[in-house]
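Colleague: One structure coming up, written as structure tokens, with questions to follow.
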Amino acid sequence: MPACKNCGSTQVDEDGAHGYTICMGCGNVLEDQIIVSETQFAEGGSGRKHMMGALVTDDGSVIGGSALPNKFGCHKNYQRRIVEEATRVMHCIANRLKLAQQHIDSAVMFYKMALSKRILQGKRKSHVCAACLYIVCRTEHTPHILLDFSEIIRENMFQLLRVYTRLCNALCIKLPAADPCLFISRYAQRLQLGDKSDVICVTAMRLVSRMKRDWMATGRRPSSLCGAALVVSCRLHNCSRQISDIAKIVRNATATITKRLKESLRTPSSKLSIEEFENVD
């Protein structure tokens, strides 16, 4: 028998029906909310018998004591079907975005966490699946943006953003800021730059790095910074690409790209020559 930590007495009373253990010497509660594996029944005032305590499933869900064993099995099978349907939706989205199986497995784990916390009510399954996958993409630093997911599920991006934000807050997930350098190669490939693609990408990444040092990346979308960096890099390497063409690729307005270019003119990096820019870290 366990001894009381308060008075050292070994005379303790364990009440399995109410789930606590009390020291008979000083009245100190040694344990409470004890989970037992045995099933007990009690008789009510009308003569009907009901089950004592509650059933706890393997995923942490609690079913009240009034639930019968057949309801417990139905509840477990129902949750399993929900997870299987969500997994199929995630596979469809991941195949379009060329994500690996490990990304899907991680997203399913986030979905199960959200399901156990009961925060999926009133939300579309496609929104939640896309948001879970996007969380994984942010943690794994893959070159995907939220707009990619909204186009695949054909839903409004701001509605998807709302679900994504609620999931992160409910699951206490703190994601790192998206690095604009991850998207440079992706946008450059769509521009069809030919043999100059690699050198333009390297210069654009250096420009984005300078923007981050000059605090231009704070409070701005990564796609707009990539667009401005690609405009400057194309002009440095004599590649004819209009601002409007690059704006369509990065999915920003031409005015937004122009504004980023004007903002970069007010940074210390704009005063560097091409030779100084290539040599300065």
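The values are calculated or read from the model by the stated rules, or taken from the named source; none is laboratory data. If you're wondering where the values come from, they're calculated on a predicted model, not measured in any experiment. Here the Cβ is made from the backbone with ideal geometry for all residues, glycine too, and neighbour counts use every protein chain on show. Surface areas here come from the heavy atoms of the whole protein model, side chains and all, with no ligands, DNA or RNA. Shrake-Rupley method; radii C 1.70, N 1.55, O 1.52, S 1.80 Å.
Colleague: Under 5 Å between amide hydrogens, which residues at least 5 positions from Val12 or on another chain qualify, with H placed 1.01 Å from N in the peptide plane?
Modeller: Met24
Colleague: At 7 Å along the Cα-to-beta-carbon direction for both Lys212 and Asp13, put a label point, then send me their distance in nm to one decimal.
Modeller: Output for this residue pair reads 6.5 nm.
Colleague: Can you tell me the Rg and Dmax of the range 91-175, counting just the alpha carbons, in angstroms?
Modeller: Expressed in Å, the Cα Rg and Dmax of the range 91-175 come to 11.6, 30.
Colleague: If you roll a 1.4 Å probe over the heavy atoms of the protein chains, what accessible area per residue do you get for the range 75-201, in Å²?
Modeller: Counting only protein heavy atoms, the per-residue value for the range 75-201 is 55 Å².
Colleague: For the ranges 127-134, 146-153, 80-87, what's the packing order if you count other beta-carbon atoms within 10 Å of each residue, average per peptide, and put the highest first? Working shown, then result.
Modeller: Details: 127-134: 26.5, 146-153: 17.4, 80-87: 13.6.
Going from most to least packed, we get 127-134, 146-153, 80-87.
Colleague: Treat each spin label as a single point 7 Å out from the Cα along the C-beta direction, and report the Arg166 to Val29 distance in nm.
Modeller: So the two model labels end up 3.4 nm from each other.
Colleague: Now for a separate question. What residues have an amide H closer than 5 Å to that of Leu30, excluding those fewer than 5 places away on the same chain, when H is modeled at 1.01 Å from N in the peptide plane?
Modeller: Thr21, Ile22, Cys23
Colleague: Counting other Cβ atoms within 10 Å of each Cβ, which chymotrypsin sites (Phe, Trp or Tyr not before Pro) in the range 158-265 have at most 10 and sit in a DSSP loop?
Modeller: Listed in order of number, the matching sites are Trp215.
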